[in-house]
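Q: Submitted below is the structure of interest, expressed as structure tokens.
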Amino acid sequence: MKPYHYTIDQLYRDWRYAVEKDFVTADGKPFPYALGGHLQWGNEDRKLSLSGKPRDACLSGDGKRAAIVVDRRIQVIDTETWETIIILKGHTRPVDGLAFKPNDSNILVSSEGTDADLISRDAEPTIIVWDIDQAKKAPRLEESDLHGISKDVTAVAASKLEGLGLKLKASGQAELETALASEIDRVMAKQGISDNTRICGRLHIGHQPEIFNPSGTQMVYSPGYAPESDDTFSWDVVICSMDDFMPVLTLKGHTDDIKWSGWSPDETFLATVSFDKTIRIWDAVLGHQVHCFERDHYNWAGAFSLDSQHFVATDGQGIIRVYALHAEETLHWEFQAEGPKMWRPSVAWHPNGKLVAIGGKRDAEILLLDIAKKEVVQRRLLSGRDSKIDGEAHPMIPGRFVGVNEIKFVDGGNKLVVWVSGDGSIEVFDLSKEVKWRFARGGTEDGPEAEKWIDENGKVTSEAGSGMLVLEREGKLTLASVDFDGVRLWSVPLTDRRLGALSKGMA
């Protein structure tokens, strides 16, 4: 039989939201939607238009600024007004990672050439350090100026060619104008970062990585080009000072790609999770290896507990392991959920230190685990049963590509927020009030707003997004979905602190 190939593009056209298993209330019923909590595109509070398709985004530690990647540019936005502060130019290839320095919304780092499959050896992988306030003072080349210059240069070129008996047709002039504008923009952008700190290296761009230590005094990255995936090559990790960006420590031992790295909250440890089947815990001050946990499969993600006593990690078979870092017996709990094996690349600790949320890459699985009791508290699974499949594909195939890419506890641990790839939507679960919200990608559910996103063949026309930003301020959560056609803002009320927080109730 001829094999059937199902693509991500097909998934986004076919997918329709359906729940197989949901979070349940104390009396065993599925979480209901909060009042006004079931919305889709067209119902957002506000939509921000960008100069192109966004690829990635991050939020400053104080929540005052957002940085959104649009190809080779970074659009910095004031989250009070949601107006653009500046567009940073200087990268010559698409930006693939970025992060604000903690406690300083003025300093941003970004990288290009991190993905080993995309690196051209004639261009180094580069990390750029941006001082946003300084960049605002520099002269800027506006689009109108750029096109005016390219038009004038084209006119001169056409005149010179005509003197040689060669006529540059209108279509050729238009093509030359476009090419000149692009090249002038590139050259001036490159020249504009001549005073910026630049590092030949790669940011770790896995699922929810931690680029900086909590105090913002140090940064982690991998130096130079990505090596070949081979036991003979060392995939080093560098910790550098944010004062002068000089290396403080070089950590050696990994032999394959680093999928996640991050510091313990007390900054004593750095963890690196790798495809070389090891999880390594390093002394972040002296640089020696404290633990090396060897597994049978690739490793995907990890996270430290808030008290820095435990570390949770997931591997390519979906096995979840919790390590007690200061105990004689370090493996505290090993857990594999029922059902198909899957990657589980998204991890978040609850503020109370007893619960861990895990996001899976199949059927948008969410696991809420009680680490102390070693049991599953909640489990959510989506279903592909309502998806509109053509041809030979099995109706459950779409679910295999629908995964939780981001997961985060907010509102003092009362709420869990997730962004689901494939579905392309944000969901919020209030664990104390036992209700939920959903902000759905256009066309993934029925409703009057869905018609705009459905074509004559019943296929969804909205495309893949790239994630979310979550901001707590002024008594509400602001959720920004980074969609293919812009950024949509949604809001959810925060818990009234007079009612008591879930984290206290579970203490």
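Q: Cβ-Cβ under 6 Å, sequence separation 6+ or interchain: first residue in the range 368-389 and touching a residue at least 40 places away in the same chain (Cβ under 8 Å), partner polar (S, T, N, Q). Which pairs?
A: 368/378
Q: Please find, within the range 189-217, the residue that is nearest to the chain's Cα centre (by Cα) out of those that are modelled with pLDDT under 90 and of a type in the set (A, V, I, L, M, F, W, C).
A: 205
Q: Out of 201, 224, which single residue is out of contact with any Asp or Glu (no Cβ under 6 Å at 6 or more places or on another chain) and buried (at least 20 other Cβ atoms within 10 Å of the Cβ)? It would help to see each step written out before you state the result.
A: On the way: 224 fails: buried (at least 20 other Cβ atoms within 10 Å of the Cβ).
Testing whether each residue is out of contact with any Asp or Glu (no Cβ under 6 Å at 6 or more places or on another chain) and buried (at least 20 other Cβ atoms within 10 Å of the Cβ) leaves just 201.
Q: Still on this structure, please answer the following. Would you mind stating whether residue 339 is closer than 21 Å to residue 262 by Cα and either within 24 Å of the chain's Cα centre (by Cα) or surrounded by fewer than 24 Cβ atoms within 10 Å (Cβ to Cβ) (or both)? Show your work before the answer.
A: Details: closer than 21 Å to residue 262 by Cα: no; either within 24 Å of the chain's Cα centre (by Cα) or surrounded by fewer than 24 Cβ atoms within 10 Å (Cβ to Cβ) (or both): yes.
No.
Q: I would also like to ask the following. When you go through (1) over 19 Å from residue 329 (Cβ atoms); (2) more than 24 Å from the chain's Cα centre (by Cα); (3) surrounded by 16 or more Cβ atoms within 10 Å (Cβ to Cβ) one by one for residue 298, which number turns out not to apply?
A: Tallying (1) over 19 Å from residue 329 (Cβ atoms); (2) more than 24 Å from the chain's Cα centre (by Cα); (3) surrounded by 16 or more Cβ atoms within 10 Å (Cβ to Cβ), residue 298 fails exactly one: (2).
Q: Here's a follow-up. Which numbered condition trips up residue 36, out of (1) more than 30 Å from residue 214 (Cβ to Cβ); (2) surrounded by 18 or more Cβ atoms within 10 Å (Cβ to Cβ)?
A: Result: residue 36 passes all but (2).
Q: May I ask you to verify whether residue 182 is within 29 Å of the chain's Cα centre (by Cα) and farther than 27 Å from residue 60 by Cβ? Write out each step before concluding.
A: Details: within 29 Å of the chain's Cα centre (by Cα): yes; farther than 27 Å from residue 60 by Cβ: yes.
It is true that residue 182 is within 29 Å of the chain's Cα centre (by Cα) and farther than 27 Å from residue 60 by Cβ.
For every residue, the table says whether it meets (1) in contact with a strand residue (DSSP E or B) (Cβ under 8 Å, 6 or more places away or on another chain); (2) hydrophobic (A, V, I, L, M, F, W, C); (3) outside any strand (DSSP E or B).
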position	(1), (2), (3)
352	no, no, yes
358	yes, yes, no
363	yes, no, yes
377	yes, yes, no
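Q: Another question, then. Residue 224 - would you say it is more than 15 Å from residue 289 (Cβ to Cβ) and of a type in the set (Gly, Ala, Ser)?
A: Considered against the rule, which asks whether it is more than 15 Å from residue 289 (Cβ to Cβ) and of a type in the set (Gly, Ala, Ser), residue 224 comes out as yes.
Q: For the structure I just gave you, tell me whether residue 432 is buried (at least 21 other Cβ atoms within 10 Å of the Cβ), touching a residue at least 60 places away in the same chain (Cβ under 8 Å) and part of a loop (DSSP other than H, G, I, E, B).
A: It is false that residue 432 is buried (at least 21 other Cβ atoms within 10 Å of the Cβ), touching a residue at least 60 places away in the same chain (Cβ under 8 Å) and part of a loop (DSSP other than H, G, I, E, B).
Q: Against the condition at pLDDT 95 or above and either assigned to a loop (DSSP other than H, G, I, E, B) or not hydroxyl-bearing (Ser, Thr, Tyr) (or both), how does residue 234 come out, does it pass? Lay out the reasoning, then the answer.
A: Details: at pLDDT 95 or above: no; either assigned to a loop (DSSP other than H, G, I, E, B) or not hydroxyl-bearing (Ser, Thr, Tyr) (or both): yes.
For residue 234, the condition - at pLDDT 95 or above and either assigned to a loop (DSSP other than H, G, I, E, B) or not hydroxyl-bearing (Ser, Thr, Tyr) (or both) - is not met.
Q: While we're here: Report yes if some residue within the range 172-186 is of a type in the set (Ser, Thr, Tyr) and not in a helix (DSSP H, G or I); otherwise report no.
A: Among the residues of the range 172-186, not one is of a type in the set (Ser, Thr, Tyr) and not in a helix (DSSP H, G or I), which makes the answer no.
Q: Let me ask something else. State whether the residues of the range 391-398 include one that is on the phi > 0 side of the Ramachandran plot, surrounded by fewer than 19 Cβ atoms within 10 Å (Cβ to Cβ), modelled with pLDDT under 95 and touching a Phe, Trp or Tyr at 6+ places or on another chain (Cβ under 9 Å).
A: Taking the range 391-398 first, the residues on the phi > 0 side of the Ramachandran plot are 391.
Subset that is surrounded by fewer than 19 Cβ atoms within 10 Å (Cβ to Cβ): 391.
Of the ones still in play, those that are also modelled with pLDDT under 95 are 391.
Keeping just the survivors that are touching a Phe, Trp or Tyr at 6+ places or on another chain (Cβ under 9 Å) gives 391.
Within the range 391-398, one or more residues are on the phi > 0 side of the Ramachandran plot, surrounded by fewer than 19 Cβ atoms within 10 Å (Cβ to Cβ), modelled with pLDDT under 95 and touching a Phe, Trp or Tyr at 6+ places or on another chain (Cβ under 9 Å).
Q: Filtering the range 307-352 down to residues that are under 19 Å from residue 377 (Cα atoms) and of a type in the set (Asp, Glu), which residue is modelled with the lowest pLDDT?
A: 338
Q: Looking only at the range 164-188, which residues are hydroxyl-bearing (Ser, Thr, Tyr) and modelled with pLDDT of 90 or more?
A: Residues satisfying the conditions are 171, 178.
The values are calculated or read from the model by the stated rules, or taken from the named source; none is laboratory data. In this text the structure is predicted, and so the values were computed from the model without any measurement. For neighbour counting, all protein chains shown are included, and Cβ atoms are generated from backbone atoms with ideal geometry for every residue, glycine included.
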